[in-house]
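Novice: If you scroll down you'll find the structure; I have some questions about it.
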Protein chains: 4
Amino acid sequence: VNGDLVPSIGFIGLGIMGAPMARNLVRAGFAVTGFDLNAEAVAALAADGGKPAGSIAEAVRGADIVVTMLPADQHVETAVLGEDGVLAHIEPGALLIDFSTIRPETAQKVAAAATGIRVLDAPVSGGQQGAVDGVLSIMVGGAEADFAAARRVFDAVGRVAALVGPAGAGQVVKAANQLVVGGTYALVAEAILLMEASGVDASAGLDMLAGGLAGSRILELKRGSMLARDFTPGFRIDLHHKDMGIVLDAARQAEVALPFGFQVAAYVQAARAQGLGDRDHSGLLAVAEQLSGRSTA
Amino acid sequence: VNGDLVPSIGFIGLGIMGAPMARNLVRAGFAVTGFDLNAEAVAALAADGGKPAGSIAEAVRGADIVVTMLPADQHVETAVLGEDGVLAHIEPGALLIDFSTIRPETAQKVAAAATGIRVLDAPVSGGQQGAVDGVLSIMVGGAEADFAAARRVFDAVGRVAALVGPAGAGQVVKAANQLVVGGTYALVAEAILLMEASGVDASAGLDMLAGGLAGSRILELKRGSMLARDFTPGFRIDLHHKDMGIVLDAARQAEVALPFGFQVAAYVQAARAQGLGDRDHSGLLAVAEQLSGRSTA
Amino acid sequence: VNGDLVPSIGFIGLGIMGAPMARNLVRAGFAVTGFDLNAEAVAALAADGGKPAGSIAEAVRGADIVVTMLPADQHVETAVLGEDGVLAHIEPGALLIDFSTIRPETAQKVAAAATGIRVLDAPVSGGQQGAVDGVLSIMVGGAEADFAAARRVFDAVGRVAALVGPAGAGQVVKAANQLVVGGTYALVAEAILLMEASGVDASAGLDMLAGGLAGSRILELKRGSMLARDFTPGFRIDLHHKDMGIVLDAARQAEVALPFGFQVAAYVQAARAQGLGDRDHSGLLAVAEQLSGRSTA
Amino acid sequence: VNGDLVPSIGFIGLGIMGAPMARNLVRAGFAVTGFDLNAEAVAALAADGGKPAGSIAEAVRGADIVVTMLPADQHVETAVLGEDGVLAHIEPGALLIDFSTIRPETAQKVAAAATGIRVLDAPVSGGQQGAVDGVLSIMVGGAEADFAAARRVFDAVGRVAALVGPAGAGQVVKAANQLVVGGTYALVAEAILLMEASGVDASAGLDMLAGGLAGSRILELKRGSMLARDFTPGFRIDLHHKDMGIVLDAARQAEVALPFGFQVAAYVQAARAQGLGDRDHSGLLAVAEQLSGRSTA
């Protein structure tokens, strides 16, 4: 922690999620130095009160806390573990918070490689809007003291954060979350299909389901748009597909058999293969529909 | 409706669900004449202010409304459609409300066979406790006027009732409900398993899931008991197994392909085959656990 | 057995399968009296040397052996178990051979209802061409002595017949057969899809599979037509769909969980729902293809 | 090609499969220089007429053909692509034949990295006994001229070899093969289970299946051992599990949805998690059995 008690943050990855998160950190009073391969993103942060950096090294050097928010495993491999990456330049004793959603194994690799510093894996849910509003949910893996040290950062970007276990645990919980979310869409899709094909008033039927033991956040928020076949994202199939790849890997690493999870992965893959990659993940309904020859498209 | 404006009800099927429902109808002021093959159940209703009947004919004759609450399709086939069943003795113009959970096809068969009377299929959810407390959810198939006519009955036994379509529609919605409920248990089970096998604090992890898009009534109500492997019913696997048989039939009738629903049916069957028939349906977790060789039992 | 040692046969059900089977029995020297609801089918049998009957009673009366070959459970319920059906008119001590493919439970019901006579369930595989050529495979449930007594009949219509257990066992083996056949088509379909989508020469690839541990009769006979998307039946999806319904029922009766079998049932249902009911069952490839957005149709 | 027309071979990876393959190449007259991290394996090759090497560099230098037979992707990454690996030392114009079973993506990476040399991916099936007997099946990806140039090598170790497409195609076909093999075991397992649980003579039943459209190499070779629950390998679950991981990756790369393949992956994972990793892959029957609570173990 620096002299005036405002920790300095080096922020790597100013994309759709990272940019608003960095902005929220600036607003919360942190001194944020940001880097992204996209120079415009860096300029935008500077316009919002952050400090631009021309390289990872520049962003990271002298920072109390380094934050990474990257699209996928390979970017973490390069930007964090790579030759000129975060670990090569981070200050001894600094805290690295990786908000990226990646494989638990990669998160553990980062933790193992990070000697002399502290590391948390901290994938989020809540989407782009949640990032803008600073109300993300943050699933954290690492040590309790480090989790405590990250509290102010989490408060600035999220609504709730929980320590769920050692290194990689945050990623496992995020994977479990995506498995349940994807599977719930598939179940609701089949319920809709069964009702519609049976000549039932599916809207009235879903109201009943939503009010009972079948109730879910997805039924609450999405039943209207699903019935209307409005698959405007929201959270894109392509991203859910990436996340289901992490579920497959996490299951293999943990040596558990997840027949439902694997089925979900196959259906999300189908949605993508059918050209729905840029539609909302509720678009799993379109896959179910086509499977039963009821596609109106 | 009879002269003093209190409709008389003939009630067939005073089992675990039917008995408290009949009692609630008595309490609501209906004149209830009850019949069950089990004489003790009939006596119990009489002790609560109902009128005992020695046969279906006796219970049904003269009743404005006939209510049936039977365990399965074959009982409806016999007690309603059979030689000496409800349809043989019900008064012209009377209203038959079948609360049984059965195949849509059987419900439609009853409706088709019921000439000169009015029929609603009205399966419920909410379990034994819901029946006792009079807070069942009632999914109703039939005509709007008949639904309106049944309102006072529904109010006496349920918290919410909705007309969801023509004859059989109530059964379809109940089937869709059980598909989603069973599938959600399976998804939550896999999430728990993945977290536990990965060394994650599953309780903290489920808290995160419960608070976000993965949230569901099941996560809200059952995550504690599932983590503790407390499978005290609740709603028994055997009953859910019966209901998944209805889902299979309903899907074939509607000509829709439900790969997730069929998978759920296979897992509920597995739970039953593993001897968990009298445990709560959250016991699907035990199936998932054994599949991954993590069974502690 | 009658005086001149040529057993007389009453044959019920002269459809696509039954007609050629009856003809082969005539050719083998049996005195065949045939009945069908379709009068033309009866006339055709008469033209081939059989004896026409105007009712089940007429076909069955005096026959040493009664053969039934009916489309589905409900027809057996009516024509065998019904008021004016086979059991009402069959001679004491006669042998009833039911070649129909039906639920094991229905076969057992027939056996249980058949007092004073002998019964075999004897579903066949080999299709219409196999029936014409008299080379069917016959899976038989019942008693050993009755199986021995049926030997000449089986020789006349089939290439191989085996006693596989007590009443209903023939139906179970037929169900198991259809599960494996349907599943193998699904697996081969996914193999083709994976290869084609990867830019592999699928024909050369299937040759390799066919020659090794992945080899199967289906790969041997159907890989060419599948690669050419020629789904001329053969054995129609609609019939396979009916048979998968029997698999679902048989699994429930036996209290076994068959996740792959249930998945196959879902896919055959999908094929039918997509309008492929009258195509060959190898058309499961079209379902796989559409699921991955690779449909050329 | 060297002066006396006997191509020299550098052979990397003298394990369970590689050792007998190298020996067969020596017997076929090739000058084989072998390397393995296990010095005993190198000594054994030398005793059989090969030439020992102390490093990859030593084995590869001067060789007309380099053969690699390694356990998994990471070994190929290191031994072929790594700093001191095959590509760093192989002669310009030499031919690299990689017999390892790895991800298509890794095979393509090797091909892309191999400038100035020729590369074939050539995974095999047939198991350890097939390697000893020199009767492997070889699925080859690469260019036709290179396939022709490798003919003598393939003849020495295999019974059949086929060029199935460009770089990576051999791996795709191998993956498709393992998908079909694993799935067929699962289907046969469910057929056995259904028959046994129904009181059917499963042995007689499987004979019928084996003789008809359900017939397969697996039914032919393995039905006896499966009925006897003899899961002596053969091909181990652990290896099939590794291969199903390749199927998952290949499906994602090809952007196809493989619900059956993914289901197979889940069940092979289950077998491994249940402690059957060192049993034969026909041990999928034990998973099916336990799922239905019929495990005798």
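Novice: Going 7 Å from Cα along the Cα-Cβ axis for the label, what nanometre distances separate A:GLY82 from the same residue across the other copies?
Specialist: 2.3, 7.6, 7.6
Novice: Something else now. Going 7 Å from Cα along the Cα-Cβ axis for the label, what nanometre distances separate A:ARG294 from the same residue across the other copies?
Specialist: Inter-copy label distances (nm, one decimal, shortest first): 2.7, 3.4, 3.4.
Novice: In Å², nearest 100, what accessible area do chains D and C bury in total when the solvent probe is 1.4 Å?
Specialist: On the way: alone 13770 and 13790 Å², together 22310 Å².
Its buried surface, counting both partners, is about 5200 Å².
Novice: From the backbone phi of the stretch C:28-34, what are the Karplus-calculated ³J(HN,Hα) couplings (6.51 cos²θ - 1.76 cosθ + 1.60, θ = phi - 60°) in whole Hz, Gly and Pro given as x?
Specialist: Running phi through 6.51 cos²θ - 1.76 cosθ + 1.60 with θ = phi - 60° gives 7, x, 6, 8, 9, 9, x Hz.
Novice: Indicate the gyration tensor shape class of the protein assembly as shown (rounded, prolate or oblate), computed on the Cα atoms with a ≥ b ≥ c the square roots of the eigenvalues: a/c under 1.5 is rounded; otherwise a/b larger than b/c is prolate and the rest oblate.
Specialist: Values: a/c = 2.54, a/b = 1.24, b/c = 2.05.
Verdict is oblate for the protein assembly as shown.
Novice: Here is a follow-up. What is the magnitude of the charge dipole of the protein assembly as shown about its Cα centre, with +1 placed on the Cβ of each Lys and Arg, -1 on the Cβ of each Asp and Glu, and no other charges, expressed in debye to the nearest 20? All intermediate terms of the calculation are to be shown ahead of the outcome.
Specialist: On the way: 84 positive and 124 negative charges, 1 e Å.
The dipole magnitude comes to about 0 debye.
Novice: Separate question: Enter the angle in degrees (range 0 to 90, nearest 10) between the Cα long axis of helix D:18-27 and the first principal axis of the Cα atoms of chain D, meaning the one along which they spread out most.
Specialist: 50
Novice: If you don't mind, another one. Would you be so kind as to identify which of B:VAL86, B:ALA107, B:ALA145 lies farthest towards the positive end of the dipole of the stretch B:68-169, taking Lys and Arg as +1 and Asp and Glu as -1 on Cβ and the Cα centre as origin?
Specialist: After comparing all options, I get B:ALA145.
Novice: Output the relative contact order of the stretch A:62-196, whole-number percent, from Cα pairs under 8 angstrom with separation of 6+ residues. Intermediate results must be reported in sequence, preceding the final value.
Specialist: Working: 231 pairs, mean separation 27.8, N = 135.
Answer for the stretch A:62-196 is 21 percent.
Novice: What residue among A:VAL76, A:MET195, A:VAL66 has its Cα farthest toward the positive end of the dipole of chain A, where the charges are +1 on Lys, Arg and -1 on Asp, Glu, each on the Cβ?
Specialist: About the Cα centre, the residue reaching furthest to the positive side is A:MET195.
Novice: Another question about this same structure. Using the beta-carbon distance between D:ARG159 and A:GLN129 and R0 = 41 Å, what value does 1/(1 + (r/R0)^6) give for FRET efficiency, to the nearest 0.05? Walk me through the numbers before you get to the answer.
Specialist: Details: r = 61 Å, r/R0 = 1.48.
Calculated transfer efficiency: 0.10.
Novice: Counting only protein heavy atoms and using a 1.4 Å probe, what share of the accessible area of the protein assembly as shown belongs to carbon plus sulfur, as a whole percent?
Specialist: Working: 20680 of 40390 Å².
C and S fraction of accessible area: 51 percent.
Novice: When only C-alpha pairs under 8 Å and at least 6 residues apart count, what is the relative contact order of chain C, in percent?
Specialist: On the way: 543 pairs, mean separation 38.4, N = 297.
Relative contact order of chain C: 13 percent.
Novice: What does the average come to when, for each residue of peptide A:166-179, you count the partner chain Cβ atoms lying within 10 Å of its Cβ? Write out the running numbers ahead of the final one.
Specialist: Working: counts 4, 1, 3, 7, 3, 2, 10, 13, 3, 5, 16, 9, 3, 7.
That average works out to 6.
Novice: Give me the lysines in straight-line cross-link reach of B:LYS222: C-alpha distance below 29 Å, same-chain residues under 8 apart excluded.
Specialist: A:LYS174, A:LYS222, B:LYS174, B:LYS242
Novice: Then there's this: Would you mind classifying the stretch D:1-101 by shape? Square roots of the alpha carbon gyration tensor eigenvalues, ordered a ≥ b ≥ c; an a/c under 1.5 is rounded, otherwise it is prolate if a/b is larger than b/c and oblate if not.
Specialist: Values: a/c = 1.59, a/b = 1.11, b/c = 1.44.
The shape class here is oblate.
Novice: Would you mind checking the tilt of helix A:202-211 against the longest principal axis of the Cα atoms of chain A, expressed as 0 to 90 degrees and rounded to 10?
Specialist: Helix A:202-211 and the main axis of chain A meet at about 50 degrees.
Novice: For peptide D:155-163, how many partner chain Cβ atoms fall within 10 Å of a residue's Cβ, on average? Before the final figure, lay out each step's value.
Specialist: Details: counts 0, 0, 0, 0, 2, 4, 1, 6, 2.
The per-residue average across the peptide is 2.
Novice: Specify whether the C-alpha gyration tensor of chain A places it in the rounded, prolate or oblate class, a ≥ b ≥ c being the square roots of the eigenvalues: rounded for a/c under 1.5, otherwise prolate if a/b is larger than b/c and oblate if not. Mind dumping the intermediate values first?
Specialist: On the way: a/c = 2.25, a/b = 1.98, b/c = 1.14.
It comes out prolate by the Cα gyration axes.
Novice: Around C:LYS51, which amide H atoms from residues at least 5 apart in sequence, or from another chain, sit under 5 Å from its own amide H, with H modelled in the peptide plane?
Specialist: Those lying under 5 Å, H to H, from C:LYS51 are C:VAL32, C:THR33, C:GLY34.
Novice: Select the chain B residue whose beta carbon lies nearest to the rotation axis carrying chain B onto chain A, and write the distance in whole Å.
Specialist: B:SER216, 2
Novice: Using a label point 7 Å beyond Cα on the Cα-Cβ vector, give me the inter-copy distances for A:ARG27 in nanometres, one decimal, shortest first.
Specialist: A:ARG27 label point versus its equivalents elsewhere: 5.1, 7.5, 8.6 nm.
Novice: A further question follows. Give the angle, between 0 and 90 degrees and rounded to the nearest 10, that separates the Cα long axis of helix A:237-254 from the longest principal axis of the Cα atoms of chain A.
Specialist: 80
Novice: What full-extension length gain, to one decimal in nm, is calculated for A:ASP278 and A:ALA28 as 0.36 nm per residue of separation minus the Cα-Cα distance?
Specialist: Numbers: separation 250, 0.36 × 250 = 90.00 nm, distance 3.28 nm.
Value of the extension gain: 86.7 nm.
Novice: Only protein chains counted, 1.4 angstrom probe. Which residues of the stretch A:269-293 are at least 20 Å² less accessible in the assembly than when their chain is isolated?
Specialist: A:GLN269, A:ALA270, A:ARG272, A:ALA273, A:GLN274, A:GLN290, A:LEU291, A:SER292, A:GLY293
Novice: Count, for each residue of C:137-146, the Cβ atoms from other chains sitting within 10 Å of its Cβ, then give me the mean as a whole number. Mind dumping the intermediate values first?
Specialist: On the way: counts 6, 1, 6, 2, 4, 0, 0, 0, 0, 0.
Mean partner-chain Cβ count within 10 Å for C:137-146: 2.
Novice: Of the beta bridges DSSP finds with both residues in the protein assembly as shown, what % are antiparallel, to the nearest 5?
Specialist: Numbers: 18 of 118 bridges.
If we restrict to bridges inside the protein assembly as shown, about 15 percent are antiparallel.
Novice: How much FRET efficiency would the formula 1/(1 + (r/R0)^6) give for A:ALA47 and D:THR115, where r is the Cβ-Cβ distance and R0 is 45 Å, rounded to 0.05?
Specialist: Numbers: r = 45 Å, r/R0 = 1.01.
After rounding, the FRET efficiency stands at 0.50.
Novice: Rounding to the nearest 20 debye, state how big the charge dipole of the stretch B:44-118 is about its Cα centre with +1 on each Lys and Arg Cβ and -1 on each Asp and Glu Cβ. Please list the in-between numbers first.
Specialist: Numbers: 5 positive and 10 negative charges, 27 e Å.
In debye, rounded to 20, the stretch B:44-118 gives about 140.
Novice: What accessible area per residue comes out for the stretch B:1-156, rounded to a whole number of Å², with a 1.4 Å probe? Working shown, then result.
Specialist: Details: 6410 Å² over 156 residues.
So the stretch B:1-156 comes to 41 Å² accessible per residue, rounded to a whole number.
Novice: Could you tell me what percent of the DSSP beta bridges with both partners in the stretch B:1-146 are antiparallel, to the nearest 5? Intermediate values should be presented prior to the final figure.
Specialist: Details: 3 of 22 bridges.
In the stretch B:1-146, approximately 15 percent of DSSP beta bridges are antiparallel ones.
Novice: Name the residues whose placed amide hydrogens come within less than 5 Å of the amide hydrogen of A:LEU136, ignoring near sequence neighbours (fewer than 5 apart) on the same chain.
Specialist: A:GLY158, A:ARG159
Novice: Sequence gap at least 6, Cα distance under 8 Å: using those rules, report the relative contact order of the stretch A:75-144 to the nearest whole percent. Could you put the intermediate results ahead of the total?
Specialist: Numbers: 82 pairs, mean separation 18.6, N = 70.
Reported as a whole number, the value is 27 percent.
Novice: Based on DSSP, what percent of beta bridges with both residues in chain B are antiparallel, to the nearest 5?
Specialist: Percentage antiparallel, nearest 5: 15.
Novice: What are the residues whose amide H is under 5 Å from the amide H of C:ARG103, where those residues sit 5 or more places off or on another chain and H is modelled from the backbone?
Specialist: C:ASP73
Novice: Another question about this same structure. Give me the one-decimal nm value for the distance between modelled label points at D:ALA228 and D:LEU37, 7 Å along each residue's Cα-to-Cβ direction.
Specialist: Simple spin-label model gives 3.8 nm for this pair.
The values are calculated or read from the model by the stated rules, or taken from the named source; none is laboratory data. Because the structure is predicted, anything quoted here is derived from the model rather than measured. Cβ coordinates were reconstructed from backbone atoms using ideal geometry, including for glycine residues, and neighbour counts include every protein chain displayed. The accessibility values were calculated without ligands, DNA or RNA, using every heavy atom of the protein model including side chains. Shrake-Rupley method; radii C 1.70, N 1.55, O 1.52, S 1.80 Å.
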